[in-house]
Amino acid sequence: MKEDNIDFSHKNLIDFSDLSAGEWNGIFTLAEKISENPTAYGDVCKGKILATLFYEPSTRTVFSFQSAMIRLGGNYISFTGTENSSVSKGENLRDTIKIVNNYADIIALRHPLEGAAYAASLYSKAPVINAGDGGHLHPTQTMLDIFTIQKLKNSCEHLSVGICGDLKYGRTVHSLLKAFESYKNNKFYLISVPELALPEQFMVKLKENNEFIFCDTIEECIDKLDVIYMTRIQKERLSAGEDYNTIKNKYILDQHKLGAAKNDLIILHPLPKVDEISYEVDDDPRAKYFLQAEFGLYIRMALIMTLIGRANNPSKIDYTEQSRCPNKKCVSNIEKYLPRKEKIVENKIMCAYCEHYIT
Ligand code: NCD
């Protein structure tokens with residue numbers, strides 16, 4: 001093993017914002033070192049296996065996890081989409097996790113239900129990494145987003161950050177804003193249609209040290225921005241009554257709009273992009289989304305290195321109390337065996353799985 005052990009108290013990565021500033025910096029410094037000399041890390045996970053359990057489609061996230069493990073000298077087992085796994089026969093998440101524990105040393109889980117990664121971590125001996133849980137969070141994407149902003153803007157403070165598109169269901173937006181709670185003096189320009197506005201719970205804490213400005217159009221704020229974070233409309237998560245076709249082309253970033261932007265604006269997108277960024281913008285030096293995706297590889301290498309070998313000790317679970325989460329997309333309402341788990345944030349009770357308020 002290389003001598004890169006960082007001070008890290010977590011056994012899983014469910015929510016990036018749970019990490020202390022020191023822990024973030026540890027991962028970022030390690031990712032930076034790896035990017036300078038990736039081959040030096042070619043055998044740190046020799047003999048180890050990563051399981052990528054992707055219940056939803058993915059290109060970058062799944063490949064970057066797998067590539068990261070291979071580059072660390074390890075191997076991976078995987079499913080992407082549930083049709084070829086026992087999930088299609090009705091196997092529940094808990095059983096799948098317990099079985100995979102026999103074969104893998106670390107698990108990256110992507111799931112359509114909110115809170116699924118946290119639920120999996122209750123039953124897993126191997127560390128669980130949240131690779132996206134429904135419309136809730138996507139912490140490894142956020143790690144690379146923050147890494148990119150830090151690297152290209154030298155700071156994550158005193159910035160004007162536009163966030164555009166699907167702020168209601170975009171898990172990358174939710175995770176990113178939670179991570180920004182650790183920074184201050186930023187102005188967030190939220191650009192969305194009212195139907196896809198940011199849920200209140202992602203603003204409460206951030207408001208303490210930052211400002212929010214609500215915009216109907218990109219044009220009204222583009223000249224002020226240091227960062228614009230574009231997102232796709234999450235078609236697969238829209239509820240009945242939210243019509244994709246009427247929303248989809250509302251926000252398109254093109255060269256004309258960028259004419260008013262600063263020269264040192266950085267344009268980010270978690271990808272995949274659909275129509276929200278015109279093709280010609282790819283050639284604009286301010287477009288950084290492909291570089292952003294590249295950073296994901298080093299971040300995931302650093303994260304796997306840090307978590308591998310950490311044993312979870314699933315605690316004894318009390319099954320007597322059922323969930324009372326009002327969110328229909330919460331894992332606790334679908335995987336019925338899950339115990340009730342709540343937490344108090346800013347004097348309000350939240351579901352510990354999906355972080356919806358419980359009134
Ligand atoms: C994002 C996701 O899956 O949430 N993609 C990714 O992992 N880079 C964004 C999206 O699908 O829109």
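Normalised by the number of residues in the stretch 63-141, the average gap of Cα pairs under 8 Å and 6 or more apart makes the relative contact order 22 percent. Pairs of Cα atoms nearer than 8 Å and 6+ residues apart set the relative contact order; for the stretch 258-318 it is 33 percent. Pairs from the list Lys184/Lys343; Lys205/Lys329; Lys250/Lys343 with a Cα-Cα gap above 27 Å: Lys250/Lys343. Take the Cβ-Cβ distance between Val345 and Ser85 as r, set R0 to 35 Å, and report the resulting FRET efficiency rounded to the nearest 0.05. Computed FRET efficiency for Val345 and Ser85: 0.50.
Which residues in the stretch 323-343 have a backbone N closer than 16 Å to a point placed 7 Å from the Cα of Asp95 along the Cα-to-Cβ line? In the stretch 323-343, the label zone of Asp95 (backbone N under 16 Å from the point 7 Å along Cα→Cβ) covers 335-338.
In plain terms, the residue of Phe290, Phe65, Phe212 with the fewest other Cβ atoms within 10 Å comes first and the most crowded comes last, giving Phe290, Phe212, Phe65.
Shown is the FRET efficiency for Asp284 and Glu36, computed with R0 = 22 Å from the Cβ-Cβ distance and rounded to the nearest 0.05: 0.20. Each residue of the stretch 13-21 was assigned a 3J(HN,Hα) from its phi angle through the Karplus expression (A = 6.51, B = -1.76, C = 1.60, θ = phi - 60°), giving 10, 9, 9, 4, 6, 6, 7, 6, 4 Hz with x at Gly and Pro. Note that the stretch 307-314 has calculated 3J(HN,Hα) couplings of 8, 4, x, 7, 9, 7, 10, x Hz, one per residue in order, obtained from phi through the Karplus relation 6.51 cos²θ - 1.76 cosθ + 1.60 (θ = phi - 60°); glycine and proline are x.
By the count of other C-beta atoms within 10 Å, a proxy for reagent exposure, Arg300, Arg71 are ordered fewest to most as Arg71, Arg300. For the stretch 1-135, the equivalent ellipsoid derived from the Cα gyration tensor has semi-axes of 26, 17, 14 Å, listed largest first.
Rounded if a/c is under 1.5, else prolate if a/b beats b/c, else oblate: with a ≥ b ≥ c from the C-alpha gyration tensor eigenvalues square-rooted, which is the stretch 196-237? It comes out oblate by the Cα gyration axes. Legend: ranking of residues Phe188, Phe8 from fewest to most surrounding C-beta atoms inside 10 Å; resulting order Phe8, Phe188.
With 31 Å as the cut-off, how large is the P(r) tail for the chain, expressed as percent of Cα-Cα pairs? For the chain, the share of Cα pairs beyond 31 Å comes to 33 percent. For the chain, the relative contact order is 18 percent, taking Cα pairs closer than 8 Å that sit 6 or more residues apart in sequence and dividing their mean separation by the residue count. Projecting the Cα atoms of Leu93, Ile70, Pro57 onto the dipole axis of the stretch 54-96, where Lys and Arg carry +1 and Asp and Glu carry -1 at the beta carbon, places Ile70 farthest toward the positive end.
Values quoted throughout were computed directly from the atomic coordinates according to the rules given, and no laboratory measurement underlies them. From a predicted model like this one, the values you see are computed outputs, not experimental measurements. Don't worry about glycine lacking a Cβ; one is built from the backbone with ideal geometry, like all the others, and counts go over all protein chains shown.
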